[in-house]
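Derivation of every value follows stated rules applied to the coordinates shown; laboratory data play no part. Remember, it's a predicted structure, so these values are computed and weren't measured experimentally. Here the Cβ positions follow ideal geometry from the backbone for every residue, glycine too, while neighbour counts run over all protein chains shown.
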Amino acid sequence: MNRLRAPLRPLLHLGRLLRSEEGAASIPAVFWMPFFVMMMVASVELCLLGVKQTLLDRGVDLTTRILRLGVATMPSHEQIKRSICGNIAFLPDCMTDLAVEVFQVDRATWSSDVNGRGVLCSDAITETDKPVIQPGVSGQLMILRACLRVSPMEKLNPLSQALAHESGDKYVLITTTAFVNEPE
């Protein structure tokens, strides 16, 4: 009888292993692990985007503070971008990825020269999509819009590839501030 079971021993051992419930909890963990890792990486990326948005807001506020106080006249487009990028830390290629517009708002009609046009997120080549920098007059309500394009963590987070990117392969961070030109 033992001689008949000898060739079947490996199969009997395999049958016992298949009936065993040891390690059964690790199977669902293996299936769910990629999802949890992807969610953790997505939360890190969302935190980094929040930090970058805060840095952009702070950079714009520090730059427009001089304009709000009326200490200096309206600088050029390049000077505004350089000032904002100088106030932002840890953002490479800020000068190429930042677009800034400054324009007047008529308080009687609450309209401006850029009504109906979306925020420009690049220094466009065409004359109609060129960023507007208007100096304004004393007591004039002014709007400053800044748009910064930032790269996602595509290599680590496949969810970022599924998001619609407004500006090619980058996310778009926008901040807007209003100020009134000080009377002379």
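Here the label points at A178 and L62, each 7 Å from Cα along the C-beta direction, are separated by 2.6 nm in the simple model.
What the Cβ-Cβ distance of Q134 and V41 gives, at R0 = 41 Å and to the nearest 0.05, is a FRET efficiency of 0.45.
Note on V51 and S76: with the Förster distance fixed at 30 Å, the Cβ-Cβ geometry gives a FRET efficiency of about 0.55. The gain in end-to-end length when the L141 to A108 segment is fully stretched comes to 10.8 nm, 0.36 nm per residue minus the alpha carbon separation. Rounded, prolate or oblate: which fits the stretch 44-87 when a ≥ b ≥ c are the square roots of the eigenvalues of the alpha-carbon gyration tensor, with rounded for a/c under 1.5 and prolate only if a/b beats b/c? It is prolate, given that a/c is not under 1.5 and a/b is the larger ratio.
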